[in-house]
Structure formats: structure tokens, C-alpha cells
1. Residue by residue through the range 147-183, note down the ones that are in a strand (DSSP E or B), under 16 Å from the mean Cα position of the chain (by Cα) and within 20 Å of Gly137 (Cβ to Cβ).
2. Show the residue pairs that are 6+ apart or on different chains and have beta-carbon atoms under 8 Å apart, the first residue being within the range 165-176 and closer than 22 Å to Val85 by Cα, the second being open to solvent by less than 70 Å² (accessible area, probe 1.4 Å) and at pLDDT below 90.
3. Within the range 146-186, track down each residue that is touching a strand residue (DSSP E or B) at 6+ places or on another chain (Cβ under 7 Å) and of a type in the set (Gly, Ala, Ser).
4. I need a count of the residues in the range 10-43 that are among the aliphatic types (A, V, I, L, M) and touching a Leu at 6+ places or on another chain (Cβ under 7 Å).
5. Residues that are at pLDDT 95 or above, within 30 Å of Asn179 (Cβ to Cβ) and touching an Asp or Glu at 6+ places or on another chain (Cβ under 7 Å): does the range 79-90 have at least one?
6. Here is a list of conditions, (1) open to solvent by 10 Å² or more (accessible area, probe 1.4 Å); (2) touching a strand residue (DSSP E or B) at 6+ places or on another chain (Cβ under 9 Å); (3) not in a loop (DSSP other than H, G, I, E, B), and Ala113 meets all of them except one; can you say which number that is?
7. Can you say whether Ile109 is touching a residue at least 12 places away in the same chain (Cβ under 8 Å) and more than 16 Å from the chain's Cα centre (by Cα), as far as the supplied structure shows?
8. State the number of residues belonging to the range 46-90 that are of a type in the set (Phe, Trp, Tyr), surrounded by fewer than 18 Cβ atoms within 10 Å (Cβ to Cβ) and either assigned to a loop (DSSP other than H, G, I, E, B) or within 15 Å of the chain's Cα centre (by Cα) (or both).
Amino acid sequence: MATLTVITLTLDEEHNISACLESARWANELIVVDSGSRDRTVDIARTFTERVFTIAWEGYGAARNYALRQATGDWVLWLDADERVTPELAEEIREIIRADAPQVAGYDIARRAFFLGRWIRHSGWYPSRVVRLFRRGTARFSETRVHEQLQIDGTVVPTKHDLLHLTDPDLRHYLAKFNRYTSLAADDMVAAGRTFTMRDLLLRPPFQFVKMYLLRSGWRDGLEGFMLAVLSAAYVFTKYAKLWERRRESRAAGNMH
């Protein structure tokens with residue numbers, strides 16, 4: 001019978017990793033790749049699996065590809081530490097593994113996000129379908145620092161049940177990620193040769209707000225939907241502001257030589 005490996009990345013996730021791994025404990029293999037946690041994350045992970053690896057951080061894509069190289073299962077499910085497999089999704093995945101349909105390379109799963117104490121049902125966040133379950137050997141992750149993409153060859157089929165994403169319990173948590181992710185996104189744009197234009201700052205942030213709050217019915221998510229749209233617009237603004245800053249620093253360094 002076909003087997004399943006679950007891969008998870010961690011960094012200081014002691015408050016999340018236990019519940020995440022518990023929700024996937026039924027899998028044949030659990031793999032945790034840690035990038036230098038300073039809390040109890042690694043110790044907790046080792047209570048679930050011996051396959052815990054510590055690596056130097058080179059970006060999300062590189063870390064996920066490292067985890068993928070360690071996997072031995074026929075199928076791979078990738079989870080973030082703040083995600084949970086519901087019992088209904090777990091049973092559906094077990095049925096998928098048992099069937100082992102040869103014509104299918106992967107399955108995309110809708111994620112239901114819990115943001116500032118509310119399940120987000122609109123705003124472009126739901127249903128946010130992402131290929132999370134795939135046949136090993138058919139896919140790999142893009143080597144970007146953040147917002148990596150799974151590149152898969154073959155047919156992808158949707159699952160019926162959702163994956164739970166406990167994304168941001170409070171603003172402090174969101175803003176800590178905000179600074180890190182916008183910096184990584186700016187670094188990725190620099191690496192891709194992206195140039196800065198004033199239009200990026202003027203047009204992209206308000207469009208992001210309009211898209212999420214109006215076009216994708218974020219207003220139906222209440223105050224949390226409004227805050228999510230505002231914060232997402234600020235994310236876009238900051239990402240491009242950091243691109244401008246990096247380009248300015250690069251020009252200054254070039255003028256010194």
C-alpha cells in the first residue's frame with residue numbers, strides 16, 4: 001500500500017508544533033526541518049518523530065526542498081506549523097493514499113484561516129486552494145525566500161475538506177511576520193532583477209485594498225476583514241518601499257567604487 005510523509009518547517013514554534021504534528025500523527029512518516037529555534041520546538045518535535053533536522057536558513061523554498069529530499073513516502077503532505085489537519089480531511093487523505101490513483105499527481109486543499117479571532121470566509125483568503133498533497137517525484141518548490149510555489153507536473157484534483165490555518169492570533173504576531181516577510185519579498189524582487197517605479201507605491205497598495213475589501217467581499221468578514229485589507233495594502237506598500245531602499249543602497253555602493 002502507498003505511504004505518506006508529512007513535512008513541516010519550524011522556527012520558534014513551541015506553541016504550535018505539538019498540535020500540528022498531533023493532527024498528522026497518523027501519517028507513515030513525519031519530517032520536521034528546523035532553522036535554529038531558540039525555544040523548545042525541536043525537543044517537542046522529537047517526541048513525535050526522530051526525523052528532525054536542523055539546517056542553516058536559505059529561504060522557504062530551499063528549506064522545503066531539503067525536507068522533500070528527506071521524504072521516503074510515496075505521497076507528501078506539506079504543512080506549516082500553524083496549520084491543522086481536521087479529522088475529516090485526515091480521513092479523506094487516507095482514502096486518497098489507499099486509492100493511489102496513478103493518473104493524479106497532486107491534490108489542492110482549501111485553507112480556512114483564523115485571523116485576529118475570526119474565521120475569514122472571503123477577502124480572497126477563502127477558499128485559498130493550494131496544492132499540499134502530491135506524489136513524490138512529481139513536484140518541487142521554487143527557490144524563493146518567501147511565498148514559495150510548488151511546481152508540479154501532472155493532474156491536480158481538489159479535496160472536499162479544508163485545512164485549518166491558525167495564522168495570526170493577534171496584531172503583535174502579524175506585525176512580527178510583516179517585517180520579516182516584506183524584507184524577504186523585497187530581496188526576492190532584487191534577485192529577480194525587478195526595478196522600482198513610483199507607480200508601485202501609488203497604485204498597488206490601494207488596488208490591493210479594493211481587491212480584497214470590495215471585489216472579494218472582505219466587508220463580509222466584519223471589522224477583521226477591514227483590518228486584513230488595510231494591513232495587506234500596507235504589506236504591499238512596505239514591500240515596494242523596501243525594494244526602493246535596496247535599489248538606493250545598491251546605487252550608493254556602486255558610486256563608491
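1. Answer for the range 147-183, where residues must be in a strand (DSSP E or B), under 16 Å from the mean Cα position of the chain (by Cα) and within 20 Å of Gly137 (Cβ to Cβ): Leu150, Gln151.
2. Hits for this filter: zero, empty list.
3. If the condition is that a residue be touching a strand residue (DSSP E or B) at 6+ places or on another chain (Cβ under 7 Å) and of a type in the set (Gly, Ala, Ser), then Gly154 is the only one that fits.
4. Of the residues in the range 10-43, 5 are among the aliphatic types (A, V, I, L, M) and touching a Leu at 6+ places or on another chain (Cβ under 7 Å).
5. Within the range 79-90 (the criterion being at pLDDT 95 or above, within 30 Å of Asn179 (Cβ to Cβ) and touching an Asp or Glu at 6+ places or on another chain (Cβ under 7 Å)), the answer is yes, since at least one residue qualifies.
6. Only one criterion in (1) open to solvent by 10 Å² or more (accessible area, probe 1.4 Å); (2) touching a strand residue (DSSP E or B) at 6+ places or on another chain (Cβ under 9 Å); (3) not in a loop (DSSP other than H, G, I, E, B) is unmet by Ala113, namely (1).
7. When the stated conditions are applied, Ile109 does not pass them.
8. Matching residues across the range 46-90 total 1.
The values are calculated or read from the model by the stated rules, or taken from the named source; none is laboratory data. Since this is a predicted model, take the numbers as computed values, not measurements. Positions of Cβ are generated from backbone atoms using ideal geometry, with glycine treated the same way; all protein chains shown enter the neighbour counts. Ligands, DNA and RNA are stripped out before the accessible areas are found, and what is left, the full protein with its side chains, is counted by its heavy atoms. Shrake-Rupley method; radii C 1.70, N 1.55, O 1.52, S 1.80 Å.
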